[in-house]
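Before any comments, here is the structure.
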Amino acid sequence: MNTIGKITVLPKLPPAIARLEELAYNLWWSWETSAQDLYARLDPALWEAVNHNPVKMLRSVRQDRLDAAAADPEYLQAYERVLSAFDAYMDPHADTWFRREFPDRQDQVIAYFSAEFGLHEALPIYSGGLGILSGDHCKAASDLGLPFIGVGFLYPQGYFTQRIDAEGRQQAEYEKIDFAEVPAVPARDPQGNEVLVQVELPGRRVFAKVWRIQVGRIPIFLMDTDVENNAPQDRELSARLYGGDREMRISQEVVLGIGGVRAVRALGYAPAVWHMNEGHSAFLGLERVREMVQGQKLSFDEAVEAVRADTLFTTHTPVPAGNDAFAFDLVEKFFSHYWGQLGIDRNRFMDFARQELPWGPQYSMTVLALRLSGFHNGVSRLHGHVSRRMWRFLWPGTPTEQVPIGHITNGVHTKTWLVQELKDLYLRYLGEGWQEQVQDPALWEAVDQIPDQELWAVHQQRKEQLIQLVRDRLQQQMVRHGEGTRRMDLAGQVLNPNALTIGFARRFATYKRATLIFRDIERLKRLLHDPERPIQIIFSGKAHPADEPGKALIQQIYQLSQQPEFQGKIIFLENYDINIARHLISGVDLWLNNPRRPHEASGTSGQKAALSGVPNFSVLDGWWVEGYDGTNGWAIGEEREYKDQETQDEADALSLYSTLENEIIPLFYDRGADGVPHGWVQKMKNAIRTCAPRFSMRRMVIDYVTQYYLPAAEKHVAFTADGCALARELAAWKARMRQIWPSLQLQAWLEGNSELRIGDGVTVEARLRPRDMAGTDVVVEAVYGEPNEEGDWRAPQVLPLEPVGSEGDALCFRGRLVPDSSGQFVLGVRARPHHPQLVHPYEMGLNLWAG
Ligand SMILES: *Cc1c(COP(=O)(O)O)cnc(C)c1O
């Protein structure tokens, strides 16, 4: 064949349905199932083939399908309904929570930085929980009407598609995303020009083009280095999420943090709050320091004060190795041209983010982020505690529970994760408008009114759909493996729609212990093969391509699933993504999660399951410590720590089997005369009622607004006024406090009996010298409470001591402590610097303890 070129002919949208194009470019459709239906109805098979991507759909659908839809009154009616809902949502005067509650905060933009955004399966720029959380965060920020922008990467090859070969090995396939086929458009600056930002990498400049993705009311700006101005290796720099070596990683983080700030500026934003979701973006703080040092002639320390005041950092990793850190010589290579622009030298630059690790000092992105933010949080109550313990070395002498790292427990975006059948059901019982108040526990009380048969029927329907999906996917896999008809037929019959079906799906990181349930394989076989009450398990999940132990776990499960005694009962479903997740969390009967406590920072997949009426069976780690109430699912193991991993695994496995055998299986198979397991359905309802509001993304973002975004925006205004006068003052004050601190002395003692009865008090006396140095800049307080095993306070309470004059060279302080509960308390007295404008009272980590 002789050809002279290629042409692409795209279908043309008939005027009657012309706005399908506009709608395709707003990810509003990603949580509005009715909007997705408009595309799916055009050609259901094609809709599957394009991975539910409306932009690609409109480029590939046949013209006659479009013409037919445009002439179909029923279709047009649905079209009108969806578009009027869309217009109502996008109305600039729409009544949103944030506009209603904070009308004078509309122009205080929050800039949210994340290395990944999990918005929809058609946009594979996420790897797991962190990305899904970012995507859901943006969606809820849109729903609530926050002035909010996201910043991240548009990876041209994204995260990989997982294929399992016939030996059970994970194969990572990267497909180049054609940006013409995803809902992204070039971002434009206020003059209407496309935006190209540049950063300096060793010996060269790298450019990044900025793309814009519209998520309801809010934009996400995503950078891509695959542009002509770049050298070939730099064009590949943002090709893949978490790909490449350390040098690639730090390059990506430079683009994300430093390039990200430059993009925000080029686009014309002046954010009042900066939120770093995980440490990957921590260089953004350095870039902002540079801006102020260069532009406003602040010193490094002054600029740091100004940056800290309006920056929030959320940490996600309780596993030390999960925290990004770089060797000093690598950092030197990338930043030797940069620290001078910050007004500091190499030592100062390195020390600022220094962490001593067993293999030597490292430049820690978490330390950097903690130092460049005045607000910091973990992502569940337990994770807050773990994070305070992990990072307390940055606040020496501070009781662990007073380390200034708080927590906001993660949640999920209800509308994204709830399948249409359940949305319809909840609408019937929770009432019109329920989606706009999902954070309200009172709303969910009505779940108890759903008749058992109705909830069970919807669940059974979802389960059958899941089983169909599994069979289809397995058959596709068999075709790839070159299998014959016998194996194909077997794949078409796997899973029993009446058997108790357990789901386990998440990243295959080893701490998640995917194979724990195989620990006693004979015991598991008995459960799988019980003739009356069988169980079956569906696994799914990707291992990071460089994680050999994680990949070995996948292989192990796959190979077991091929053995005759597990065939059809243990399934490994390949390519876990948002689509598979949505099917699993609503289609299995029980959601299993057995990480090695306390390694799961929060976890969110179990929240999605609970919302869909699938009870959790989980280790008391992450969010489940808060979610579990004895009625809404089951716990594995105890809330404790073990001497070693082997002991922990053994204890958790025993607990898992016995709860499964003695409680879960009997309850599931206890059927009423109508065939419905009423006791089980009650658990389902309890799971929905108790978890849906508390672990909603709406509740989470409201918490971020009230606990962090609003206070940070207030600090922003205070710190930047008058040429950053307050930042300058505070930096000078801190320097003075650090200087006088070593020469202060504190003495303290108790006056009176140390054995008290409830209602009695004891007087605490303290003397701080020298008096002229401390003045009003230091407060003295008693800290007391029950001790924990580590000789620290479990829940320290604070009694401020009153200044009561002076004695010679000393300032005198006194307080009367009247404990309101009985017990053994330990009490300490400390002095700490005090300034009313500190972001957090304990932020300096200067403590002078008496005695
Ligand atoms: C929710 C979700 C996750 C997070 O799962 P966890 O079990 O909380 O770690 C990861 N991947 C996908 C595709 C998800 O939907």
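Please go through the range 576-594 and give me each residue that is open to solvent by less than 20 Å² (accessible area, probe 1.4 Å), more than 9 Å from the ligand (Cβ to nearest atom) and not in a strand (DSSP E or B), ordered by number.
Those that are open to solvent by less than 20 Å² (accessible area, probe 1.4 Å), more than 9 Å from the ligand (Cβ to nearest atom) and not in a strand (DSSP E or B): 586, 587, 588, 589, 594.
I'd like the full set of residues that are in contact (Cβ under 8 Å) with a residue 40 or more places away in the chain and open to solvent by 20 Å² or more (accessible area, probe 1.4 Å), limited to the range 225-243.
Step one: list which residues in the range 225-243 are in contact (Cβ under 8 Å) with a residue 40 or more places away in the chain, which gives 226, 238-243.
Selection gives 226, 240, 242.
Can you tell me which residues in the range 125-150 are surrounded by fewer than 24 Cβ atoms within 10 Å (Cβ to Cβ), not β-branched (Val, Ile, Thr) and not in a helix (DSSP H, G or I)?
127, 128, 145, 147
List the helices (runs of 4 or more DSSP H) that sit entirely inside the range 363-447 and contain at least 2 residues that are within 16 Å of the ligand (Cβ to nearest atom).
Numbers: elements: 365-371, 381-391, 414-417, 420-430, 441-444.
Filter on the range 363-447 gives 381-391, 414-417.
Could you list, in sequence order, the residues of the range 489-498 that are crowded, with 18+ Cβ neighbours inside 10 Å and not in a helix (DSSP H, G or I)?
Here is the first cut: in the range 489-498, the residues crowded, with 18+ Cβ neighbours inside 10 Å are 491, 494-495.
Listed by number, the residues that qualify are 494, 495.
If I ask for residues that are in a loop (DSSP other than H, G, I, E, B), within 11 Å of residue 170 (Cβ to Cβ) and not polar (S, T, N, Q), which ones from the range 563-575 would you list?
Step one: list which residues in the range 563-575 are in a loop (DSSP other than H, G, I, E, B), which gives 563-569, 574-575.
Next cut, within 11 Å of residue 170 (Cβ to Cβ) only: 574-575.
Within the range 563-575, just 574 meets the criteria.
How many residues, within the range 244-271, are in a loop (DSSP other than H, G, I, E, B) and surrounded by fewer than 22 Cβ atoms within 10 Å (Cβ to Cβ)? Please lay out each step first, then the result.
Filtering the range 244-271 for residues in a loop (DSSP other than H, G, I, E, B) gives 244-245, 267-271.
Retained after the next criterion (residues that are surrounded by fewer than 22 Cβ atoms within 10 Å (Cβ to Cβ)): 244-245, 267-270.
Within the range 244-271, residues that are in a loop (DSSP other than H, G, I, E, B) and surrounded by fewer than 22 Cβ atoms within 10 Å (Cβ to Cβ) number 6.
If you check 326, 349, 283, which single one turns out to be over 27 Å from the mean Cα position of the chain (by Cα) and modelled with pLDDT of 95 or more?
Values: 326 fails: over 27 Å from the mean Cα position of the chain (by Cα); 283 fails: over 27 Å from the mean Cα position of the chain (by Cα).
Step by step, each of 326, 349, 283 is checked, and only 349 is over 27 Å from the mean Cα position of the chain (by Cα) and modelled with pLDDT of 95 or more.
Have a look at 359, 391 and point out the one that is modelled with pLDDT of 95 or more and not assigned by TED's automatic domain parsing to the domain that holds residue 639. Steps first, please.
Working: 359 fails: modelled with pLDDT of 95 or more.
Of 359, 391, the one residue that is modelled with pLDDT of 95 or more and not assigned by TED's automatic domain parsing to the domain that holds residue 639 is 391.
Name the residue that is farthest from residue 699 (Cα to Cα), counting only residues in the range 595-618 that are of a type in the set (A, V, I, L, M, F, W, C) and away from the ligand (no atom under 11 Å from the Cβ). I'd like the intermediate steps shown before the answer.
We begin by selecting, within the range 595-618, every residue of a type in the set (A, V, I, L, M, F, W, C); these are 601, 609-611, 614, 617.
Right, trim to away from the ligand (no atom under 11 Å from the Cβ) and you get 610-611, 614, 617.
Details: 610: 16, 611: 14, 614: 21, 617: 23 Å.
Filtering the range 595-618 for residues that are of a type in the set (A, V, I, L, M, F, W, C) and away from the ligand (no atom under 11 Å from the Cβ), the one farthest from residue 699 (Cα to Cα) comes out as 617.
Here is a list: 545, 531. Which entry is free of Cβ contacts under 8 Å to residues at least 40 places away in the same chain, assigned to a loop (DSSP other than H, G, I, E, B) and surrounded by fewer than 21 Cβ atoms within 10 Å (Cβ to Cβ)?
Values: 545 fails: free of Cβ contacts under 8 Å to residues at least 40 places away in the same chain.
Exactly one residue qualifies, and that residue is 531.
Scan the range 65-92 residue by residue and report those that are outside any helix (DSSP H, G or I) and closer than 14 Å to residue 216 by Cα. Walk me through how you get there before you give the answer.
Pass one, the range 65-92, residues outside any helix (DSSP H, G or I): 71-72, 91-92.
Passing the criteria: 91, 92.
Identify, please: which residue in the range 110-136 is of a type in the set (A, V, I, L, M) and under 24 Å from residue 437 (Cα atoms) and is, among those, nearest to the ligand (Cβ to nearest atom)? Write out each step before concluding.
As a first pass, look at the range 110-136 and keep what is of a type in the set (A, V, I, L, M): 110-111, 115, 119, 122-123, 125, 130, 132-133.
With under 24 Å from residue 437 (Cα atoms) added as a condition, the list becomes 110, 119, 132-133.
On the way: 110: 23, 119: 11, 132: 4, 133: 8 Å.
The extreme case among them is 132.
Restricting attention to the range 2-33, which residues are of a type in the set (Ser, Thr, Tyr) and open to solvent by less than 90 Å² (accessible area, probe 1.4 Å)? Step through it out loud before you land on a result.
Filtering the range 2-33 for residues of a type in the set (Ser, Thr, Tyr) gives 3, 8, 25, 30, 33.
Across the range 2-33, the qualifying residues are 25, 30, 33.
If you check 757, 794, which single one turns out to be more than 25 Å from residue 388 (Cβ to Cβ) and modelled with pLDDT under 95?
757
Can you name the number of the only condition in (1) within 15 Å of the ligand (Cβ to nearest atom); (2) assigned to a helix (DSSP H, G or I) that residue 560 fails?
Unmet condition: (1).
Out of 491, 505, report the one residue that is within 16 Å of the ligand (Cβ to nearest atom) and either in contact with a helix residue (DSSP H, G or I) (Cβ under 7 Å, 6 or more places away or on another chain) or free of Cβ contacts under 8 Å to residues at least 24 places away in the same chain (or both). Give the derivation first.
Values: 491 fails: within 16 Å of the ligand (Cβ to nearest atom).
Among 491, 505, only 505 is within 16 Å of the ligand (Cβ to nearest atom) and either in contact with a helix residue (DSSP H, G or I) (Cβ under 7 Å, 6 or more places away or on another chain) or free of Cβ contacts under 8 Å to residues at least 24 places away in the same chain (or both).
Using the structure shown, decide if residue 536 is under 28 Å from residue 681 (Cα atoms), at pLDDT 95 or above and either open to solvent by 10 Å² or more (accessible area, probe 1.4 Å) or assigned by TED's automatic domain parsing to the domain that holds residue 605 (or both). Spell out how you get there, then give the answer.
Numbers: under 28 Å from residue 681 (Cα atoms): yes; at pLDDT 95 or above: yes; either open to solvent by 10 Å² or more (accessible area, probe 1.4 Å) or assigned by TED's automatic domain parsing to the domain that holds residue 605 (or both): yes.
Taking the combined requirement at face value, the residue satisfies it.
Restricting to the range 173-203, name every residue that is at pLDDT 95 or above and part of a strand (DSSP E or B).
Within the range 173-203, 185, 186, 188, 194, 196, 197, 198, 199, 200, 201 meet the criteria.
From 26, 2, 53, which residue is in contact with a strand residue (DSSP E or B) (Cβ under 7 Å, 6 or more places away or on another chain) and either basic (Lys, Arg) or not assigned by TED's automatic domain parsing to the domain that holds residue 473 (or both)? Break it down into steps so the answer makes sense when it comes.
Working: 2 fails: in contact with a strand residue (DSSP E or B) (Cβ under 7 Å, 6 or more places away or on another chain); 53 fails: in contact with a strand residue (DSSP E or B) (Cβ under 7 Å, 6 or more places away or on another chain).
26 is the lone residue from the list that is in contact with a strand residue (DSSP E or B) (Cβ under 7 Å, 6 or more places away or on another chain) and either basic (Lys, Arg) or not assigned by TED's automatic domain parsing to the domain that holds residue 473 (or both).
Restricting the search to the range 110-124, which residues are in contact with a strand residue (DSSP E or B) (Cβ under 6 Å, 6 or more places away or on another chain) and at pLDDT 95 or above? Let's see the steps before the verdict.
So in the range 110-124, the residues in contact with a strand residue (DSSP E or B) (Cβ under 6 Å, 6 or more places away or on another chain) come out as 110-114, 117, 124.
110, 111, 112, 113, 114, 117 - these are the residues of the range 110-124 that are in contact with a strand residue (DSSP E or B) (Cβ under 6 Å, 6 or more places away or on another chain) and at pLDDT 95 or above.
The values are calculated or read from the model by the stated rules, or taken from the named source; none is laboratory data. Bear in mind the structure is a predicted one, so any value in this text is a computation, not a measurement. Don't worry about glycine lacking a Cβ; one is built from the backbone with ideal geometry, like all the others, and counts go over all protein chains shown. Protein only, heavy atoms only, side chains kept; ligands, DNA and RNA dropped before computing areas. Shrake-Rupley method; radii C 1.70, N 1.55, O 1.52, S 1.80 Å.
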